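The values are calculated or read from the model by the stated rules, or taken from the named source; none is laboratory data. All values reported here derive from a predicted model rather than from experimental measurement.
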Amino acid sequence: MREGQKRDAARALRRNATDAERIMWRLLRDRRLNGVKFRRQMPIGPFVADFASIEHRLVVELDGGQHAENSADISRDAFLISCGWRVVRFWNNDVMKNREGVLESLQQALALTPTLSRKRERE
């Protein structure tokens, strides 16, 4: 997929967000979680991450039931990890019913992930 196609796909995903993605974006946008900047539906390589913090090299994926033991997710995670990203996954149901628990887990993941300097972010 070309760069322009990935950008267009990301835009379409933003317009057609699931309920869980909308809730998570309300929790993450505008540096609401520990002052960390997140982007939504961000193209990374051949994939589009649900949410990503470039500064922390952290990808947040929200999964519905169709993702249970999905081999495509395993290879996607392996690719992202090989590129230096850390991936955390949450079930849509958890985002809908246990937001505090999801945010706590995400804060723990952020604490374990070193930040990049602004200079390294641009490289």
- Note on the structure: How many residues of the stretch 15-43 are among the charged types (D, E, K, R) and over 26 Å from Thr115 (Cα atoms)? The answer is 2
- Query: Which members of the stretch 67-123 meet the condition of being at pLDDT below 95, basic (Lys, Arg) and over 15 Å from the mean Cα position of the chain (by Cα)?
  - Reply: Arg118, Lys119, Arg120, Arg122
